[in-house]
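Notes follow the structure.
The values are calculated or read from the model by the stated rules, or taken from the named source; none is laboratory data. For clarity, every value in this text was computed on a predicted model and none was experimentally measured. Quick reminder, even Gly has a Cβ in these numbers, built from the backbone with ideal geometry, and neighbours come from all protein chains shown.
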Amino acid sequence: MAQKTVTRADLAEVVYGTVGLSRTESAELVERVLDLISDALVRGENVKLSSFGSFQVRSKNQRIGRNPKTGEEVPILPRQVLVFKPSNVLKSKINKSMVRTGK
């Protein structure tokens with residue numbers, strides 16, 4: 001069974017159908033929301049969407065990794081990673097849907 005990926009265009013289409021804005025305005029609204037979220041994360045702020053989850057940027061220190069092919073040790077440089085933590089409401093919805101479908 002192929003899984004569907006929800007795209008920006010899909011989100012804009014739902015906004016268009018639900019809110020009644022034009023397709024162009026709906027696409028601009030979706031873009032603006034995504035820009036606001038990404039700008040906040042770039043500034044190092046946490047983003048919490050009630051009943052959905054929270055996004056956070058975390059710093060990872062340098063560490064030594066190993067090339068699985070050669071076994072050679074390689075330094076992994078310090079970096080920032082994006083972490084998403086789903087809310088309990090979202091977790092419950094997902095688990096309920098899996099029970100209904102028998103997965």
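Among the residues of segment 76-98, which ones are of a type in the set (A, V, I, L, M) and more than 14 Å from residue 47 (Cβ to Cβ)?
76, 77, 81, 89, 90, 94, 98
For segment 66-75, indicate whether the set of residues that are closer than 29 Å to residue 34 by Cβ and either exposed (fewer than 10 other Cβ atoms within 10 Å of the Cβ) or within 13 Å of the chain's Cα centre (by Cα) (or both) is non-empty. Talk me through it step by step, then tell me what you get.
First, pick out the residues of segment 66-75 that are closer than 29 Å to residue 34 by Cβ: none.
Looking for residues that are closer than 29 Å to residue 34 by Cβ and either exposed (fewer than 10 other Cβ atoms within 10 Å of the Cβ) or within 13 Å of the chain's Cα centre (by Cα) (or both), one finds none in segment 66-75, hence no.
Pick from 50, 54: which is polar (S, T, N, Q) and either modelled with pLDDT under 95 or surrounded by fewer than 10 Cβ atoms within 10 Å (Cβ to Cβ) (or both)?
Of the residues listed, the single one that is polar (S, T, N, Q) and either modelled with pLDDT under 95 or surrounded by fewer than 10 Cβ atoms within 10 Å (Cβ to Cβ) (or both) is 50.
If I filter segment 23-47 down to residues being among the hydrophobic types (A, V, I, L, M, F, W, C) and loosely packed, with under 12 Cβ neighbours inside 10 Å, which single residue comes out as farthest from residue 13 (Cα to Cα)? Steps first, please.
Within segment 23-47, the first condition is being among the hydrophobic types (A, V, I, L, M, F, W, C), and the residues that meet it are 27, 29-30, 33-34, 36-37, 40-42, 47.
If we keep only those that are loosely packed, with under 12 Cβ neighbours inside 10 Å too, we end up with 36, 42.
On the way: 36: 20, 42: 27 Å.
Out of the qualifying residues, it is 42.
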